Amino acid sequence: MHTHVPFHVSHPSHLRQFTLALVGALLLGTFSAAPARAHHAFAAEFDANQPVELHGTVTRVKWVNPHSWLYLDVSGDDGAVTEWAVEFGGPYALLQKGLRKTDFPIGATVSVNGFLAKSGAPVVNASKVLLPDGRDFYTAAEDSPGAGE
């Protein structure tokens, strides 16, 4: 009885080519999956039951993927200043909404509505931002509260 083998390597050079192709495919799969693992869902880090409104001074901006970040110095009721990190979507998503990095000059005062981090750290996922010139932008992620409104 002859058994049909669907794949057979008959020559050592074919085995080497197959091994290189397999290793290449595994490496490609490993490295291309890394950005997907870095991204998270809203509910994994932020609390939809903890809305917050911040008014602060822009100290720095990171216009990067997968999330852009705005850092604000916010004065509390006691006068103490806390640096808050405000998470937005990626640069392309913000550009589609009409926002650019240049809309956040260092020293400008902005207002942000969003949701607090579950960790209790001074981190917010932004749902709306009001710029000094009066323009406001809805910036919520697709999976955050009110995104379908």
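The values are calculated or read from the model by the stated rules, or taken from the named source; none is laboratory data. Treat the numbers as computed from the prediction; the structure is a model and nothing was measured. Cβ atoms come from the backbone with ideal geometry, glycine included; neighbour counts cover every protein chain shown.
Considered as a group, the residues in the stretch 93-120 that are without any contact (Cβ under 8 Å) to a residue 24 or more places away in the chain and surrounded by fewer than 17 Cβ atoms within 10 Å (Cβ to Cβ) include one that is farthest from residue 64 (Cα to Cα), and that residue is 120.
Has the stretch 87-100 got at least one residue that is modelled with pLDDT of 95 or more and among the aromatic types (Phe, Trp, Tyr)? The answer is no; no qualifying residue exists.
Of the residues screened, residue 59 is not one that is assigned to a helix (DSSP H, G or I), more than 16 Å from the chain's Cα centre (by Cα) and either more than 18 Å from residue 43 (Cα to Cα) or among the aliphatic types (A, V, I, L, M) (or both).
Of the residues examined, residue 81 is not one that is under 17 Å from residue 41 (Cα atoms) and either surrounded by 14 or more Cβ atoms within 10 Å (Cβ to Cβ) or modelled with pLDDT of 95 or more (or both). Looking only at the stretch 108-149, residues that are assigned to a loop (DSSP other than H, G, I, E, B), at pLDDT 85 or above and under 20 Å from the mean Cα position of the chain (by Cα) come to 6 in all.
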